[in-house]
Amino acid sequence: MSWIRRRSGWTSPAEVDLFIARFESSAESLSQALRAAAASSAAAAAAETDADTVPFGQLQGTVVGLRYYTGVVNPGEMVALVRQPQNPYDRNAVMVANMDGSQVGHIKKELAAAMAFIMDNNLAKVEGVVPYRNNAFTMPVSLSFWGAEEDKPAFTQRMAQHGFKMNSGGMSTSNGAQGGRPPAKKPVTIPLSAEELKNAFDNLFDGLMESKEGEKEAAELVSTPLLPHQKQALSWMCACENGSTLPPFWEQRGALYYNTLTCFSAKDRPQRVRGGILADDMGLGKTLTTIALILTNFHQGKPLPVQRCTGESSVSYLSARSLPCEKPNLKTKNILWVMPIKQNKKCLTIRTCTSAQREHYTHLCVCVCQETTVLLEDLDFAAALSGSTSSTKPKNKRSAKKAVPEDEELSARATLIICPLSVLSNWLDQFEQHVRADVQPNVYLYYGPERNRSTSFLASQDVVLTTYNVLAADHANKSPLHAVSWLRVVLDEGHVIRNPNTQMAKAVLHLKAQRRWILSGTPIQNSVKDMWMLLAFLQLKPFDIKEWWNRVIQRPVTQGDRAGLLNLQTLVRCITLRRTKSSTVNGRPLVALPKKTVCVEQVELTPQERAEYELARLEGQSTVSRYVAEGSVMSNYADVLAILMRLRQHCCHPDLLAKITSDLTGVATTPAELRQRLVEKLRAVLASGSDEECSVCLESVRLPVITHCAHVYCRPCIAQVVASEREMARCPLCRSDLTISQLVEVPPEELEGEEDGARCERWRTSSKVEALLGNLLRLRSEDHSIKCLVVSQFTRFLSILETPLREQGFSFVRLDGTLSQKRRAQVIQDFQSSAPDSPVIMLLSLKAGGVGLNLTAASHVFLMEPAWNPAAEEQCIDRCHRLGQTRKVFVTKFIVKDSVEENMVKIQRRKQDLVEKAFGSKNTDRKTSRIDDIRALMEL
DNA sequence: ACCGCCGGGTGCC
DNA sequence: ACCGCCGGGTGCC
């Protein structure tokens, strides 16, 4: 995996491509190769977090061979440096390329010889800026070197061997635009403090509403009236799709387009992405707005032509505004494709139809032509419709010329929506719910083994809906989804693909589309880094290439450069619309959500429970304090988690504790014992809900395995990491040594056996169970119609709760991660139903169902125990406290008094304040604070 | 490239 | 002439 630094033997396919490209002199593949090389080398070099990257110094070099290449460079422009180990004249060759990947020249050979070693061994990352141009044959280039502190001596020595000495002073972290001539004026700026940076970053997505456009009505196909903020979003989205404004930081200068950050200039107009990020808070109706967009903005503000499914002979136009005549009295066949018809856009309509549809168009056109005079002027339109190439009128030159380059663009009809599995059914429901009953856009669910893989079929749909996993799986193996030119691709919950190294991310980037949207309630989760994937998907030039992103935004921002942050803010502002529940439109709140009341209910343990708890606590305390004293907390993290887990389980119910309680503190004497202990740790970690996401693929872990440092991954994912590293594989999360043989998984039969074991036991209650029952019974006596969510991270706790609920005659459903998609949809539908015999309680696993899950039928939420991640709790609450909720929402958090749970709550709060989002802090700080957390938890 | 370098032509002044 | 000097050819890696 490329984020783990390679020290030797580094080869990438891109190098081979570069070689081929060079000698076939294919500009297209060169530029592709450069992209690949830039992306992969940047990824490799960025393996160390940017906080660890320090400037090594600067050097003035020479670019030679300019006259052999076409790449043009402006004064101050940034250039890319790419190794060319296959160059037949010099294995040390270093190519210089400008922003669109055109080769500019080579680094002069003496310097290249020094740089080749540095670059091949990843001792440093090199960046170039051309300060000025002197002649047609060579030009100067100012090279800056960056790398890990510990590599600096080796780097300096190596350069010195070749007779190069660094200028250490005054490395500009931002672009070279202002640093024109060699003695660049060094602007005196105070770097942002970590605190300022964190604040600025947290607020990055705030206030992006401002005065974005007006409002736009949805097409008539949309049956649900849009709220004002949704009309604004629709208006903004249509403007984004139809407009052709330049991307941020580009300006027109004469005949050229100039990028003010990189100083690159291009002859061709850089396309601003036709799309953006809709980052509205959860519950503001991103799905509805997107459906409205699909139906409303097929092309240039015309609605999507949609098949009517009525058998009536009367034809009502789906949008009268888009038609030249209001309501022609037509008698046609019962199925009719209605296309927006407008003189100057007629080509568009023709190109969008299949041959079967063309029949209908022809039919329509003939009817229209017979009955109205308006369209009679459109003879070439009519001719085109009927498939005739000749025309009674000479072809309009402009439209004829236009039709050719737009040909491919016009062939696109379908919108591809990619979402997490958990919201798939929501999309289908919403299409059903928000589209007029008498029309039926073709929405195809591309999912399951029977999915139709025909490209032409998919391309002819109005909407194709699929999941990230299906897309990634297909991508590996001639994907039909990648063969279609989509009109529009929508990534729902787009933040799930923040790691560009994943298969999902790669699959998403390879989709072909004219318009691209990201929907996300939380567009950035942790760091600026996450932004890149979004920009790459949106193809926001030039930041879709990682090198430019890293140089111009990411590194400057992480190193506290104010200009960098400002640029990032501008960038985000240009492509994002975000409103929160507390935003206002014209002074009024967007949506009036009912009040939410959160209260903590303290639970007292019975004397017997308390005695058992104290026993476990003292035992755990002695173990952990030993680790603290030894300084071995982190390497024994799994043990620590397991100890905490046992305490947390004590707080909920004694039967949650694993029955096999081999001494965690003892020393394993046999491999079998060691294995057994790791199995327990894995089970504990999985059950804790603390880290069920695999950090490699970012999906919920499948085939979970645990490393001895207690990090959980999918087995195939971590196997890939190990395989790609051959020697010295390291845990991607904590960089501990890692081998395949140390990975441990839960034997499947044990999972089964455990369930059975739990069920066989005679049921007993616990203080927490009683606390919950008390609340549920009280509520039922007050109001029969109240529905409740009962949330726990421990699915076994949910199982335990089933017994008393059944005894008390509550009708309930259960939603956890084990449900199939079909079953899950059924459960949600049952629970949401207002039928008198519908379930009143849902037992909900905290990690079941991602965001977007709609459980507004419930108005009371019981959180059975605190979670490590308060955001997970919030998300859970938001499943019922969201648009569509009519009752006041009450949230009850059960916390056992004088227990690890109380300590967890304290740490939760502190985490939220400090650790979670503080980036730019050193690893050691984070580690220290984690150890501090553990001490606090164990009351040490 | 208004350079540097190479190598062939040339050779008192 | 095993040099110096001249001037044309030439020029990325």
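The values are calculated or read from the model by the stated rules, or taken from the named source; none is laboratory data. Keep in mind that what you see is a predicted model, and the values were worked out from it rather than measured. Ideal geometry is used to build each Cβ from the backbone, glycine not excepted, and the neighbour counts take in all protein chains shown. For accessibility, only protein heavy atoms count, side chains too; no ligands or nucleic acids. Shrake-Rupley method; radii C 1.70, N 1.55, O 1.52, S 1.80 Å.
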Using a 1.4 angstrom probe with every protein chain in place, what is the largest-first accessible-area order of A:Arg498, A:Arg626, A:Arg677?
-> A:Arg626, A:Arg498, A:Arg677
Dimensions of segment A:491-650 along principal axes (Cα, Å, largest first)?
-> 65, 46, 34
Stretched fully, the stretch from A:Glu450 through A:Ser724 gains (0.36 nm per residue minus C-alpha distance, one decimal, in nm) 95.3 nm
Around A:Arg778, what is the net charge, scoring Lys/Arg as +1 and Asp/Glu as -1 over all other residues with Cβ under 14 Å from its Cβ?
-> -3
Taking H as built 1.01 Å from N, whose amide H comes closer than 5 Å to the amide H of A:Leu605, not counting residues under 5 places away?
-> A:Lys897
A:Glu77's amide H: which non-local residues (gap 5+, or another chain) put their own amide H closer than 5 Å, with H modeled 1.01 Å from N in plane and none for Pro or chain starts?
-> A:Val130
Residue order for A:Glu727, A:Glu241 - accessible surface, 1.4 angstrom probe, largest first | A:Glu727, A:Glu241
A:Glu432, A:Glu612, reordered so the largest accessible area comes first (probe 1.4 Å) = A:Glu432, A:Glu612
A:Lys109 neighbourhood, Cβ < 15 Å, K/R = +1, D/E = -1, net charge +1
Of the listed peptides A:592-601, A:457-466, what is their order by residue-averaged count of other C-beta atoms within 10 Å, with the highest listed first?
-> A:457-466, A:592-601
Mind grabbing the accessible area of A:Lys125 for me, 1.4 Å probe, Å², rounded to tens?
-> 30 Å²
How high is the FRET efficiency from A:Ala160 to A:Thr70, r the C-beta distance, R0 41 Å, rounded to 0.05?
-> 0.70
Expected vector for segment A:889-902, Karplus 3J(HN,Hα) from phi with 6.51, -1.76, 1.60 and θ = phi - 60°, integer Hz, x for Gly and Pro, equals 9, 10, 10, 10, 10, 8, 10, 6, 5, 6, 8, 4, 5, 4
On the full set of protein chains, 1.4 Å probe, figure out the accessible area of A:Leu246 and give it in Å² to the nearest 10.
-> 40 Å²
Based on the Cβ-Cβ distance of A:Asp737 and A:Phe117, what FRET efficiency does E = 1/(1 + (r/R0)^6) give at R0 = 25 Å, to the nearest 0.05?
-> 0.35
Per-selection metrics, segment A:763-915 (Cα): Rg and Dmax in Å | 15.2, 47
Show me A:617-624, A:558-565 ranked by packing, highest mean number of other Cβ atoms within 10 Å first.
-> A:558-565, A:617-624
Local net charge near A:Met533, Cβ-Cβ under 11 Å (Lys/Arg +1, Asp/Glu -1) = +2
Report, by chain and number, residues whose modeled amide H sits under 5 Å from the one on A:Val861, excluding near sequence neighbours (fewer than 5 apart, same chain).
-> A:Leu789, A:Phe890, A:Val891, A:Thr892
Between A:Glu807 and A:Phe137, 0.36 nm times their residue separation minus their Cα-Cα distance comes to what?
-> 232.4 nm
Accessible area (Å², 1.4 Å probe, nearest 10) - A:Glu725 | 20 Å²
What ³J(HN,Hα) values, in whole Hz, does the Karplus curve 6.51 cos²θ - 1.76 cosθ + 1.60 give for segment A:794-807 when θ = phi - 60°, with x put for Gly and Pro?
-> 9, 5, 5, 5, 4, 4, 4, 5, 4, 4, x, 5, 4, 4
Expected unfolding gain across A:Thr522-A:Glu619 under the 0.36 nm per residue rule, minus the alpha-carbon gap, is 30.9 nm
Using all C-alpha to C-alpha distances in segment A:541-603, build P(r) with 10 Å bins and read off the rounded percent in each one.
-> 17, 27, 18, 22, 14, 2
